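Below: one structure, written as structure tokens.
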Amino acid sequence: MEDSRKDKIKTAIAAGIVLLLILTAIAISIKYSVEGEKSMPFKLSKIVIGSMVVSEDNGISIENKENRIIQNNGIYIEIKKNENYKETAVIDEIEISNIQITKQPQKGEVKIYIPNTTENKKFTYSSEYILEENSLKYIGANKSNTTTLEINNQGGIIAIAFGNTNLGTYNLDNQEVIIDGTMLKNMGITDEEIKFGVKFDLIIKTKGKKFKTNINLDLPTEEITTTGKSTLEITDTSKYVFKREKN
């Protein structure tokens, strides 16, 4: 009888330990899913989005009888060294992958653009710079250079752009027309009609390690048919939770 009671006590204790271990594992898993990786060598510092209008192929000018208007959104992502990470680390690669248009605009067609790789300008909204794939890679190097798709291996800025094309043409018939987003209003286009959504994965790769988060953006960032252009700077990046991925 005594042995039977002892066995029950041992079984209860063992079951309690197993339950405690399971609950601890669940708590750690929940904490990780909410807070993400805390020991990353590099971090997402900020995202800057510039929204306005441009002309396809050429600058908007009176000389052009038909300026083919594009509503453009340049996305600039800054990666910095984590000041709390004390070990030596270098960036091997930063990748923007799994790019998706989550909401199509009522007017126009969204295309993805890589930086201009031949001229001294950030973006040229012509067909040769359209990203046909759904990923863009920046290689770690001695310094950042968007024209060669390189980022300083200790941190820097990468860029990508989303342009709403096929919005129509605009003929500048006088010098007083302001070249900005208010041109869309003159074309009979509203802010609601050009709103669209995008999302993509941002992956930071170092030697033997890979970290990934997901970024969702609503574009353009303001009602540019009224404001003309806008710049949004996202400095609170805590909502972008990075998790470790298998290499």
Hey, Lys185 in contact (Cβ under 8 Å) with a residue 40 or more places away in the chain and not aromatic (Phe, Trp, Tyr) or not: yes
When residues of the stretch 127-183 are filtered for being more than 23 Å from Thr235 (Cα to Cα), among the small types (Gly, Ala, Ser) and outside any strand (DSSP E or B), how many remain? 4
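Kindly evaluate Phe200 against the criterion of being aromatic (Phe, Trp, Tyr), part of a strand (DSSP E or B) and within 23 Å of Pro105 (Cβ to Cβ).
The answer is yes for Phe200.
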Over the stretch 194-229, the set of residues touching a helix residue (DSSP H, G or I) at 6+ places or on another chain (Cβ under 6 Å) and at negative phi is Glu223, Thr225
Please go through the stretch 194-222 and give me each residue that is among the charged types (D, E, K, R) and surrounded by fewer than 16 Cβ atoms within 10 Å (Cβ to Cβ), ordered by number. Lys199, Lys207, Asp218
Can you work out which of the residues in the stretch 62-101 that are touching a residue at least 60 places away in the same chain (Cβ under 8 Å) and among the polar types (S, T, N, Q) is surrounded by the most Cβ atoms within 10 Å (Cβ to Cβ)? Gln71
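Every number here is computed from the coordinates shown, using simple stated rules; none is lab data. Given the structure is predicted, the values throughout are model-derived calculations rather than measurements. Every residue, glycine as well, gets a Cβ built from its backbone with ideal geometry; the counts of neighbours run over all protein chains shown.
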